[in-house]
Amino acid sequence: EALQKLNITHKITNYFLKYGYDYVIPPLMEMEASLFANCSEDIKNQSFRVLDPISAQIMAIRPDITLQVARIAASRMSNCPQPIRVSYCADALRLKSFRFNDDRQFTQAGIEIIGSDELQSDIEIINLVINSLANTGLTEIAIDFTIPNLIAIITNNFAIEHKNKLITALNNKNFYDIKK
């Protein structure tokens with residue numbers, strides 16, 4: 001199983017690299033204040049925390065990689081030409097099991113195009129993710145879409161309070177409220 005997982009993650013990351021996505025590896029653990037800056041309560045509540053014996057500050061193990069990648073792009077890659085294309089594949093850990101399986105530790109792989117609101121960027125990501133997964137031979141696949149333009153289209157005819165509730169639930173990855 002470990003070798004199968006290694007082969008799958010290599011195929012996915014190599015596919016992303018082939019199409020020009022820079023590879024980043026965010027730290028597994030960060031100071032709580034920086035890891036959770038601009039983060040939803042749902043994500044904060046999913047985190048394991050430890051006391052750093054050196055600084056006596058609380059540190060947390062990442063429950064999701066997406067926000068870390070956005071922060072890396074905004075800071076360390078801020079001088080790079082826009083849009084920035086980044087990929088990642090690493091483990092994350094949550095207090096409760098994830099919606100797709102019973103494991104609290106899981107591998108999260110993804111790509112981001114940061115600095116572009118073009119529909120073509122969304123299409124590029126969808127195509128690359130689907131093709132990278134097809135390239136692995138996997139048969140059970142779950143894709144987590146976060147496409148702001150798609151949300152605006154879906155919620156176009158919603159009453160404003162329902163639209164705001166759905167957008168908040170989507171931003172917080174609060175699956176209970178999304179279903180509701």
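The values are calculated or read from the model by the stated rules, or taken from the named source; none is laboratory data. Nothing here was measured: the structure is a model prediction, and the numbers come from that model. Note that each Cβ is placed from the backbone with ideal geometry, even for glycine, and that neighbours are counted across all protein chains shown. Side chains included, ligands, DNA and RNA excluded: accessible areas come from the protein's heavy atoms. Shrake-Rupley method; radii C 1.70, N 1.55, O 1.52, S 1.80 Å.
Of the peptides 53-61, 107-115, 28-36, 153-161, the ranking by mean beta-carbon count within 10 Å, highest at the top, reads 107-115, 28-36, 53-61, 153-161. Couplings 3J(HN,Hα) of region 49-65, computed from phi: 10, 9, 8, 6, x, 7, 9, 6, 9, 7, 10, 10, 8, 4, x, 7, 9 Hz, in residue order, whole Hz [Karplus 6.51 cos²θ - 1.76 cosθ + 1.60, θ = phi - 60°; x for Gly and Pro]. Beyond a 26 Å Cα-Cα separation, which of these cross-linked pairs lie in this structure: Lys11/Lys96; Lys11/Lys179; Lys96/Lys165; Lys44/Lys163; Lys96/Lys180? From the list (Lys11/Lys96; Lys11/Lys179; Lys96/Lys165; Lys44/Lys163; Lys96/Lys180), the Cα-Cα distance tops 26 Å for Lys11/Lys96; Lys11/Lys179.
Cα-Cα pairs above 25 Å in the chain: how many percent? Counting every Cα pair in the chain, those more than 25 Å apart make up 41 percent. For Thr136, nonlocal amide neighbours, meaning residues 5 or more places apart or on other chains whose placed amide H falls under 5 Å from its own, do not occur.
How would you classify region 46-131 from its alpha-carbon gyration tensor, with a ≥ b ≥ c the square roots of the eigenvalues: rounded for a/c under 1.5, else prolate if a/b is greater than b/c, otherwise oblate? Here region 46-131 falls in the oblate category. On region 48-180, 55 percent of the accessible area sits on carbon and sulfur atoms, based on a 1.4 Å probe. On a per residue basis, the chain carries 64 Å² of accessible surface, using protein heavy atoms and a 1.4 Å probe.
Size descriptor for region 1-68, Kirkwood hydrodynamic radius: 14.1 Å (Cα pairs only, one decimal). Net charge in the neighbourhood of Val86 (other residues with Cβ under 12 Å of its Cβ; Lys, Arg +1, Asp, Glu -1) is +1. Summary of the geometry: region 150-178 and region 1-57, compared by the centres of their Cα atoms, lie 26 Å apart. Backbone geometry of region 25-39 corresponds, through the Karplus equation with coefficients 6.51, -1.76 and 1.60 at θ = phi - 60°, to 3J(HN,Hα) couplings of 10, x, x, 5, 10, 9, 4, 3, 4, 7, 5, 9, 5, 6, 10 Hz, x marking Gly and Pro.
Each of Ile54, Ala109, Asn135 was placed along the dipole of the chain (beta-carbon charges, centred on the mean Cα), and the one lying farthest toward the positive end is Ile54.
Only helices enter the 222 nm calculation for the chain: every DSSP H run of n ≥ 4 contributes -39,500 (n - 2.57), and dividing by all residues gives -12000 deg cm²/dmol, rounded to 500.
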